[in-house]
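A single structure is presented below for examination.
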Amino acid sequence: MNIQEKIENQISKYTYTDTFSVEAFQNIKGLVGETITEADLQFVDCYVRPQLGLFIPTTGPCGYATRENHTHPAYMIVIYFDERKNEQRQSHYYAEITSPGMIHNDKDSLHYYCIMIEKTYFEERFQMYADKIPVFTETGFSLCSDILKALNTFAFEYSKQMLHADITLDAQAEIITHWCIRSLFGEALDMRAVSPDYSVARAQHFMEQHFAENITVEKLAGLGYISSSSLNRRFKKETGITPIEYLIEIRIRHAKTLLRRNNISITEIAVRCGFGSSAHFSSCFMKRTGITPTEYRDKYRN
């Protein structure tokens, strides 16, 4: 088989024009439901592998989603871009997950990405993190906005029709699935930690690994062999915040994880996360979340 034949074979497997390829539509039915029709998807962009699909409504709603009390055989994760849901989430989006077979009615919205993950595939990976898999009923959680980079890369790769796309798409599906599962546990991946500027990346990596230590801008600048003023300027241009603000965000993220464990005191959490005192910890936490550490713990427990 020559190169052109290989490309044509890839196109026949993964793409569609007026209608879906047989393989693509079978993947869609396996994720969304056996009764879905091509007409249901006339306003939806679809990028699908057997284990994961990305569905994006464009000029109209998904016909299947408008059916009352419908279900899916796969896990459904919907990322909403509605400003009302994301008023206080500049770097994160509000998402909801629903388990297979759970009856639901989709929200009246066109501004969302829908990720469908095959049941066995999702559960095998979820059990890497926890023994018990809960039943999700439109359960809300937070996803770092950087997941859109991964999802858009998945869609771009699917559309490019390059040789061996199945290999790279499956690798991306693996990353997206783990990203979503980690986010369910409050561990959101943040792509800002991957900077093309070495001095910024070096500082970010150091803070991620040594957040509990006493860290100064001077020390971070020295890692990249630049001045403190240069690091501050480059860091803010790259991330929108200063190195110290970034450090506090890291500390708050780790503090949230510890707060969900009821056996650790607020004072101990403050020390473990690099805050000079519990008062300073509470002040920083309140400023960034709108509630105190104690209120966050109580809210999570409830």
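Take the residues in the range 43-93 that are hydroxyl-bearing (Ser, Thr, Tyr) and under 21 Å from ILE103 (Cβ atoms), then tell me which one is modelled with the highest pLDDT.
Step one: of the range 43-93, the residues hydroxyl-bearing (Ser, Thr, Tyr) are 47, 58-59, 64, 66, 71, 75, 80, 91, 93.
Okay, now just the ones that are also under 21 Å from ILE103 (Cβ atoms), so 64, 66, 71, 75, 80.
Details: TYR64: 93, THR66: 90, THR71: 95, TYR75: 98, TYR80: 90.
Among those that are hydroxyl-bearing (Ser, Thr, Tyr) and under 21 Å from ILE103 (Cβ atoms), it is TYR75.
When you look at GLU157, is it modelled with pLDDT of 95 or more and of a type in the set (Asp, Glu), yes or no?
Values: modelled with pLDDT of 95 or more: no; of a type in the set (Asp, Glu): yes.
Judged against the criteria, GLU157 is not a match.
Inside the range 259-278, can you point out the residues that are of a type in the set (D, E, K, R) and either over 18 Å from GLU187 (Cα atoms) or in contact with a Ser or Thr (Cβ under 6 Å, 6 or more places away or on another chain) (or both)? Spell out the reasoning first.
The initial filter retains those residues of the range 259-278 that are of a type in the set (D, E, K, R), namely 260-261, 268, 272.
The one that is of a type in the set (D, E, K, R) and either over 18 Å from GLU187 (Cα atoms) or in contact with a Ser or Thr (Cβ under 6 Å, 6 or more places away or on another chain) (or both): GLU268.
Which residues, counting only those in the range 215-235, are part of a helix (DSSP H, G or I), under 27 Å from VAL271 (Cα atoms) and free of Cβ contacts under 8 Å to residues at least 24 places away in the same chain?
Once the filter is applied, which keeps residues that are part of a helix (DSSP H, G or I), under 27 Å from VAL271 (Cα atoms) and free of Cβ contacts under 8 Å to residues at least 24 places away in the same chain, the range 215-235 yields GLU218, LYS219, LEU220, ALA221, GLY222, SER228, ASN232.
Let me ask you something else. Tell me which residues, restricted to the range 232-282, are more than 29 Å from GLY222 (Cα to Cα) and polar (S, T, N, Q).
As a first pass, look at the range 232-282 and keep what is more than 29 Å from GLY222 (Cα to Cα): 256-268, 278-279, 282.
Across the range 232-282, the qualifying residues are THR257, ASN262, ASN263, SER265, THR267, SER278, SER282.
Residue by residue, here is whether (1) farther than 28 Å from HIS72 by Cβ; (2) loosely packed, with under 15 Cβ neighbours inside 10 Å; (3) among the basic types (Lys, Arg); (4) in contact (Cβ under 8 Å) with a residue 24 or more places away in the chain holds:
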position: ILE147; (1), (2), (3), (4): no, no, no, yes
position: LEU151; (1), (2), (3), (4): no, no, no, yes
position: GLU157; (1), (2), (3), (4): no, no, no, no
position: HIS178; (1), (2), (3), (4): no, no, no, yes
position: ILE181; (1), (2), (3), (4): no, no, no, yes
position: PHE185; (1), (2), (3), (4): no, yes, no, yes
position: ARG202; (1), (2), (3), (4): yes, no, yes, no
position: PHE206; (1), (2), (3), (4): yes, no, no, no
position: GLU213; (1), (2), (3), (4): yes, yes, no, yes
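Which condition breaks for LEU258 when tested against (1) in a helix (DSSP H, G or I); (2) loosely packed, with under 14 Cβ neighbours inside 10 Å?
Single failed check for LEU258: (2).
How many residues, within the range 135-161, are within 21 Å of ASN69 (Cα to Cα) and in a loop (DSSP other than H, G, I, E, B)?
At the first step, the residues of the range 135-161 found to be within 21 Å of ASN69 (Cα to Cα) are 135-140.
Narrowing further to those that are in a loop (DSSP other than H, G, I, E, B): 135-138.
Counting residues in the range 135-161 that are within 21 Å of ASN69 (Cα to Cα) and in a loop (DSSP other than H, G, I, E, B) gives 4.
The values are calculated or read from the model by the stated rules, or taken from the named source; none is laboratory data. Since this is a predicted model, take the numbers as computed values, not measurements. We place every Cβ from the backbone using ideal geometry, glycine too, and count neighbours over all the protein chains shown.
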